[in-house]
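Working notes, beginning with the structure itself.
The values are calculated or read from the model by the stated rules, or taken from the named source; none is laboratory data. These numbers were taken from a predicted model, which means no experiment stands behind them. Neighbour counts run over all protein chains shown; Cβ positions are idealised from the backbone, glycine included. Quick note on the areas: whole protein, heavy atoms, side chains included, nothing else; ligands and nucleic acids left out. Shrake-Rupley method; radii C 1.70, N 1.55, O 1.52, S 1.80 Å.
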Amino acid sequence: MTPFVKAFFDEATFTVSYLVRDPKGSACAIIDSVLDFDHASGRTDTTSADKIIQFVKDNDLAVDWILESHVHADHLSAAPYLQEALGGKIGIGSNITMVQDTFGKVFNEGTEFQRDGSQFDALFEQGDSFHIGQLRGDVMHTPGHTPACMTYVIGDAAFVGDTLFMPDFGTARCDFPGGSSEMLFQSIQSILALPDETRIFVGHDYKAPGRDEFAWETTVGEQKALNVHIGKGRPIEDFVEMRDARDATLAMPRLILPSLQVNMRAGQMPEPDADGDVFLKIPINKI
């Protein structure tokens, strides 16, 4: 089955959010939403999420799922805001508990921060399935970028999060806590084992050198043949050497500290203080 896919691109974070619709009905899912955040002022904005809400309402759709491919380090999730407006269950991979344990310590969250994934409505395991109306989605655990990364295969479409980028840009970094270039290689092989005609929708695009337009849709066949990091049967040894050397040169994402604190809570802000004010922490020399 071929689902309808609508992309929403946030140029501020180079993130692509997706709405996936059952072609035989009104049911849909939202994948990797964005809550706009100005780092300098600490102010949030819902412009990006409101575009999705308006599309859902304009087309009389019903949201069954609000899915996260992983705990993003480059943007804040708008999942709770979307859920309040549209309903649906918030889902992520079960290894979110590993991420919560790691960053609960980094941010000194204390025992009041639950590290059991209970902030989410569903925790997916490898091989799980779910439905968007009559449309079936299958869950693939694809760690490497983070330990909790998931790929959602919905009909003939695979939503790979940050695991793969467009073929001319390559693959995800693996130097975050719990990441691994070896695991990423194996995860990518699982994705490339899907039929060549499977549509791949990536989580970000940064316009590779020589390309003037943003892009986010490719295929398994194109990735196998053309991906500059993993294509043409590149062996694991070469990939790991390349990926680790490249990662050693990369700066941390601009929004990593606010993003991790919010996204490990399923998009919720930390608990307010006695005056009702919310604060995010800046750990020194911890990441």
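When region 50-79 is limited to residues that are under 16 Å from the mean Cα position of the chain (by Cα) and over 19 Å from residue 257 (Cα atoms), the one that is surrounded by the fewest Cβ atoms within 10 Å (Cβ to Cβ) turns out to be 65.
Restricted to region 236-262, and to residues there that are in contact (Cβ under 8 Å) with a residue 40 or more places away in the chain, open to solvent by 70 Å² or more (accessible area, probe 1.4 Å) and charged (D, E, K, R), the residue that is nearest to residue 100 (Cα to Cα) is 254. In the set 186, 261, only one residue is touching an Asp or Glu at 6+ places or on another chain (Cβ under 9 Å) and under 25 Å from residue 16 (Cα atoms); that residue is 261.
Among residues of region 80-106 that are closer than 15 Å to residue 32 by Cβ, those with a beta-carbon under 7 Å from a residue that is in a helix (DSSP H, G or I) and open to solvent by 20 Å² or more (accessible area, probe 1.4 Å) at least six positions away or on a different chain give the pairs 90/83.
In region 190-206, the condition of being touching a Cys at 6+ places or on another chain (Cβ under 7 Å), more than 18 Å from residue 138 (Cβ to Cβ), modelled with pLDDT of 95 or more and crowded, with 19+ Cβ neighbours inside 10 Å is met by no residue.
Conditions tested, residue by residue: (1) part of a loop (DSSP other than H, G, I, E, B); (2) under 18 Å from residue 41 (Cβ atoms).
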{"site": "231", "(1), (2)": "yes, no"}
{"site": "241", "(1), (2)": "no, no"}
{"site": "249", "(1), (2)": "yes, no"}
{"site": "258", "(1), (2)": "no, yes"}
{"site": "265", "(1), (2)": "yes, no"}
{"site": "274", "(1), (2)": "yes, no"}
{"site": "278", "(1), (2)": "yes, yes"}
{"site": "283", "(1), (2)": "yes, no"}
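Residues that are within 18 Å of residue 68 (Cα to Cα), of a type outside the set (A, V, I, L, M, F, W, C) and open to solvent by 60 Å² or more (accessible area, probe 1.4 Å) within region 1-49 comprise 6, 21, listed in sequence order.
Let's see how each residue does on (1) farther than 15 Å from residue 229 by Cα; (2) at pLDDT 95 or above; (3) in a helix (DSSP H, G or I):
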| position | (1), (2), (3) |
| --- | --- |
| 158 | yes, yes, no |
| 174 | no, yes, no |
| 177 | yes, no, no |
| 188 | no, yes, yes |
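Selection over region 108-155 of residues that are more than 20 Å from residue 2 (Cα to Cα), surrounded by 15 or more Cβ atoms within 10 Å (Cβ to Cβ) and of a type in the set (Val, Ile, Thr) gives a count of 2. Being open to solvent by less than 70 Å² (accessible area, probe 1.4 Å), farther than 19 Å from residue 106 by Cβ and of a type in the set (Lys, Arg) is a property that does not hold for residue 265.
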